[in-house]
Amino acid sequence: MKFSLCAIFLAASSANAFTSQTAGNRAFSSLHAASTDIPSMARSQTKVPVFDEVCDTTGVTLTRFMNEVAMLNPELRELTTLFGAIDTACKAMTNLVKRSQLPSSETLGYQGEVNIQGEDQKKLDVITNDLLKRALRFTGRLGVLASEEEDVPVDLVGGATSDSQEIVIEEGEKYVAVFDPLDGSSNVDAGIPTGTIIGIYEHSENCDVDPACVGDECTEQEAQCLANTLQPGTNLVAAAYCLYSSSTFLSLTLGNGVYLFTLDETIGEFVLSKPDVKIPEDCNIYSMNEANFDKWDKPLKDVVTGWREGTGKSETRFTSRYIGSMVGDVHRTLLYGGVFGYPGDTKNVNGKLRLLYEGAPMSFIMEQAGGISSTGKERVMEITPEYVHQRVPVVMGSKNAVQEVLDAYAADA
């Protein structure tokens, strides 16, 4: 007899393997501009929870999903705690964004301070940075943290507006977190979609600060620990973004594909809405700030001109869709196919996006969905940051269209 209630069955066969990266085998082969294939990753095989039927009433929650992953992959168990904090923080931030338009909220406008980027800080930048920083820090699983709104990867316990530069290294913790707490915050006053970007790395076991150290000796030991944040995207253990829009979405990858969750406000849970997201290989949409067109490199201008006129490789006339918030543009690109780009230009040779907590985590998600992410000349995931707020040109999206850009740069070399 078939029950009318939704049943969720768990399969743990090797045929449905959850592929997780390990420190020793995370590196992709280099992505060459003339290559037509996305490089494959050498991975160890572990198990994934497979849901044969998705319940249309309560669904598979993020908590349930992460618990199943941890049961099948004990080495990932501590990620469950971190994603529990991310889950809660994103729910809190979506409420802040929603309420920001109310006269009583006092969260709109500028804080009156400038961050390390030289950008005026919105009040919500500061509030969301402090919220996410505290949520992650109090999991007890975090060693070092780096944020767009922090000058340096420090101050895990102080407030975001604190003058304290005390460096706090948690002993014996497993992960390093990097994040942009409110991507697209310049648009928040107009109610345009914003988001949060998060990357998770493993914390080096060599990070050991002697409590008895003094002066410069402490500074050197702390600097070695803080260098944990300067890792290439190929070392990422997990990446996620939250999008605050018509619905609140949380997209994540653990190196095994991309899973999209949607916040069901009636039950207060993120529910799995799109398992194993795959970006279409072909597309007819591009998302770039065309006001900078005349300042772009010639190879990119030639390709975009071909897309506009329908004379490009696909002989398809493209349309332009640009929000101006990376999370919003990349989210649409993942679902519909397309190319998102913030390339370098004559004014900003290295573009505007930050490698560590914007470029690398979003590139990880894009590649896990079957897309490509590049500067035009090299794979974003393979670039090792030299400093926390390093910028990088980015072109990412559907495989065939991005490959056309890479081929143009290769021919111009």
Worksheet item: Looking at Gly376, is it touching a residue at least 60 places away in the same chain (Cβ under 8 Å) and at positive phi?
Response: yes
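Take Lys352 and decide whether it is under 19 Å from Thr305 (Cα atoms), among the charged types (D, E, K, R) and either more than 14 Å from the chain's Cα centre (by Cα) or not assigned by TED's automatic domain parsing to the domain that holds Thr234 (or both).
Values: under 19 Å from Thr305 (Cα atoms): no; among the charged types (D, E, K, R): yes; either more than 14 Å from the chain's Cα centre (by Cα) or not assigned by TED's automatic domain parsing to the domain that holds Thr234 (or both): yes.
Taking the combined requirement at face value, the residue does not satisfy it.
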Worksheet item: Does Ser287 satisfy being modelled with pLDDT under 95 and touching a Phe, Trp or Tyr at 6+ places or on another chain (Cβ under 7 Å)?
Response: no
Practice prompt. Take the stretch 276-300 and flag every residue that is charged (D, E, K, R) and either part of a loop (DSSP other than H, G, I, E, B) or closer than 25 Å to Phe364 by Cβ (or both).
Written response: Asp276, Lys278, Glu281, Asp282, Asp297
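Any residue that is among the aliphatic types (A, V, I, L, M) and over 15 Å from Pro232 (Cβ atoms) - is there at least one of those in the stretch 373-393? Can you show your working first?
Taking the stretch 373-393 as the starting set, the residues that turn out to be among the aliphatic types (A, V, I, L, M) are 380-381, 383, 388, 392.
If we keep only those that are over 15 Å from Pro232 (Cβ atoms) as well, we get none.
Within the stretch 373-393, none of the residues are among the aliphatic types (A, V, I, L, M) and over 15 Å from Pro232 (Cβ atoms).
Check Ser247, Ser273, Ser251 and return the single one that is surrounded by 18 or more Cβ atoms within 10 Å (Cβ to Cβ) and modelled with pLDDT of 95 or more. Explain how you work it out, then say what you get.
Numbers: Ser247 fails: surrounded by 18 or more Cβ atoms within 10 Å (Cβ to Cβ); Ser273 fails: modelled with pLDDT of 95 or more.
Result of the check over Ser247, Ser273, Ser251: Ser251.
Hydrophobic (A, V, I, L, M, F, W, C) and either outside any helix (DSSP H, G or I) or not assigned by TED's automatic domain parsing to the domain that holds Asn187 (or both): is that true of Ala85 in this structure? Write out each step before concluding.
On the way: hydrophobic (A, V, I, L, M, F, W, C): yes; either outside any helix (DSSP H, G or I) or not assigned by TED's automatic domain parsing to the domain that holds Asn187 (or both): no.
For Ala85, the condition - hydrophobic (A, V, I, L, M, F, W, C) and either outside any helix (DSSP H, G or I) or not assigned by TED's automatic domain parsing to the domain that holds Asn187 (or both) - is not met.
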Worksheet entry | Meets criteria (surrounded by fewer than 20 Cβ atoms within 10 Å (Cβ to Cβ), within 16 Å of the chain's Cα centre (by Cα) and aliphatic (A, V, I, L, M)) for Ile372 | no
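The values are calculated or read from the model by the stated rules, or taken from the named source; none is laboratory data. All figures in this text were calculated on a predicted structure; none of them were measured in a lab. Methodologically, a virtual Cβ is constructed for each residue, glycine included, from the backbone with ideal geometry; neighbour enumeration extends over all protein chains shown.
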